[in-house]
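These notes concern the structure reproduced below.
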Amino acid sequence: MTELPVIHFDCLHFYGDRPCKPNKELGVFCGNCSYYEKDESITEEFPPVPAAVPHDLTDRYTKIIIVKLDAAGDVLRTTSILPSLKEKFTDSNITWITKERSYELLKDNDMIDEIYFTTDELSHVFNNEFDIAINLDSGTESCQIMNLITSKYYYGYTIVNGKPYPANTAANEWFMMGVNDAVKKANKKSYHKIIHEICCLEYEGSEPYIYLTPENRRHAAELGKQHGIVKFNSFILINLGGGSRWQYKKWTSAGYINLADILSEKYPDTVIGIIAGDEDREFYSDISAELKLLKRDNIVFWGTENSMEDFICIVSLANEVFTSDSLCFHIATALGKYTVVIVGPTSNTELDVFGNGKVVYSEKVDCLCCYLNTCPKTINCMNTLEADEISGLFGANR
Ligand code: SF4
Ligand code: SF4
């Protein structure tokens, strides 16, 4: 079990769910930091983190509650915990508290019995008594919710003196990864293994999961028909962009254009689909304009305005998916798709394609997993990835 080093939870700079500014900019951490400023409003001591107590409830009906609010991709990847919970607690009821945006990703998962939103009236949930409460996110809102839950066992994070705090020592390691970039960078475990460890569960490779209803399948087929993909033998989906939080989460325009060009020429019987989220509207529009100049009838444009249901359905039609570390990645893996994901400033070791695809990162830079929102480097983690090499990773599912 990871021991916490000296942490100044009562520092005015300390957030608890992300690195403080001095850690981010200067690499210092609490034990050797001269930027400590006491928050005078915190007068109570922070108690030692309680030792992790593995649950021992397998022989009876078990009420479990999971708090995982956002982001949508994070919510989806967290569903990999469900098969392990259901295997251990065969007679159990699982409640999940989340945000509306993630509903589509969870609503048909038959391992979840009840879903509530943070905007719902939750007093009946807080008046209920659970056996196991799980909150895997050290964000203040999630921790405040965890604090209101009554349970026999708690796994993950809660609030102490108004600050996010590990509920027990099994959550220390992920907590440190959240507040100290150097620890995050040193991590070699996948997210799925980490969350199992936090919950004192054996990790045996369980995967995130989206269940497609017959209605979803019909809707997907209809979308495929509308976009004329049925006449092709195969479908490679290229998801452009990766949101606005990290500049180099997404590849270069030239990279995406070259990849679509190479694949559409190499595989004329394969349709190359171009899609993006609404945050990447402009990026999508510039790249689409260039691709349209190629006049290839096997490049199809899916736009940026798809609802969550449409997005899931479109990914479900693909044989192979190319994406950044984004919601599309988590949807593709949850649907069991062959997935190639490019990663730069975020953690590549946390990602898992479950033996069906590849996690690609640049071997020409030594600064990966920096978690920097912007980056001044001219030779960087994204412009050193070659479309030629990446194109060779496709065609496996033909
Ligand atoms: S690293 Fe320094 S500034 Fe940041 S929370 Fe710790 S003591 Fe405060
Ligand atoms: S510091 Fe390195 S990994 Fe981070 S964004 Fe810049 S080039 Fe990419």
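Quick notes on this one:
- Loop GluC sites (Glu not before Pro), the stretch 94-178 (other Cβ atoms within 10 Å of the site Cβ: 10 or fewer; DSSP): 121
- Environment charge of residue 194, counting only residues whose C-beta is closer than 13 Å and scoring Lys/Arg +1, Asp/Glu -1: -1
- A 1.4 Å probe run over the protein chains yields, for the chain, 45 Å² of accessible area per residue, whole-number rounding.
- Start at zero, step by 10 Å, and the Cα-Cα distances of the chain spread as 5, 21, 30, 25, 14, 5, 1 percent across the bins.
- Applying both filters, DSSP loop and at most 13 other Cβ atoms within 10 Å, to the trypsin sites (Lys or Arg not before Pro) of the stretch 278-339 gives 295.
- Taking only the C-alpha atoms of the stretch 100-147, Rg followed by Dmax gives 11.7, 29 Å.
- Taking the average, over residues, of other Cβ atoms within 10 Å as the packing measure, peptides 352-361, 366-375, 266-275 rank 266-275, 352-361, 366-375 from highest down.
- Candidate aspartates and glutamates for bridging to residue 38, where Cα separation is under 16 Å - those fewer than 8 sequence places away on the same chain excluded: 10
- Think of each Lys and Arg Cβ as +1 and each Asp and Glu Cβ as -1; about the Cα centre, that makes the dipole of the chain roughly 920 debye.
- Sparsely packed trypsin sites (Lys or Arg not before Pro) within the stretch 179-241, loop by DSSP, other Cβ within 10 Å at most 13: 188, 231
- Rounded percent of accessible protein surface that carbon and sulfur make up, the chain, 1.4 Å probe: 48
- Among the listed pairs 88/337; 266/292; 88/185; 68/163, those with a Cα-Cα distance over 22 Å are 88/337; 88/185.
- Computed E for residue 386/residue 231 - FRET, C-beta separation, R0 25 angstrom, nearest 0.05: 0.20
- Burial order of peptide ranges 197-207, 311-321 (average beta-carbon count within 10 Å, highest first): 311-321, 197-207
- Segment residue 207..residue 108, full-extension length gain: 34.1 nm, with 0.36 nm per residue of separation and the alpha-carbon distance subtracted.
- The stretch 195-216-the stretch 37-75 distance, computed between alpha-carbon centres (Å): 20
- Between the helical axis of 253-266 and the longest alpha-carbon principal axis of the chain there is an angle of about 50 degrees.
- Taking all protein chains together and a 1.4 Å probe, the residues 174, 96 rank 174, 96 from largest to smallest accessible area.
The values are calculated or read from the model by the stated rules, or taken from the named source; none is laboratory data. Here the structure is a predicted model, which is why all the values come from computation and not from measurement. Positions of Cβ are backbone-derived with ideal geometry, glycine not excepted, and every protein chain shown enters the neighbour counts. Ligands, DNA and RNA are excluded from the accessible area calculation, which covers all protein heavy atoms including side chains. Shrake-Rupley method; radii C 1.70, N 1.55, O 1.52, S 1.80 Å.
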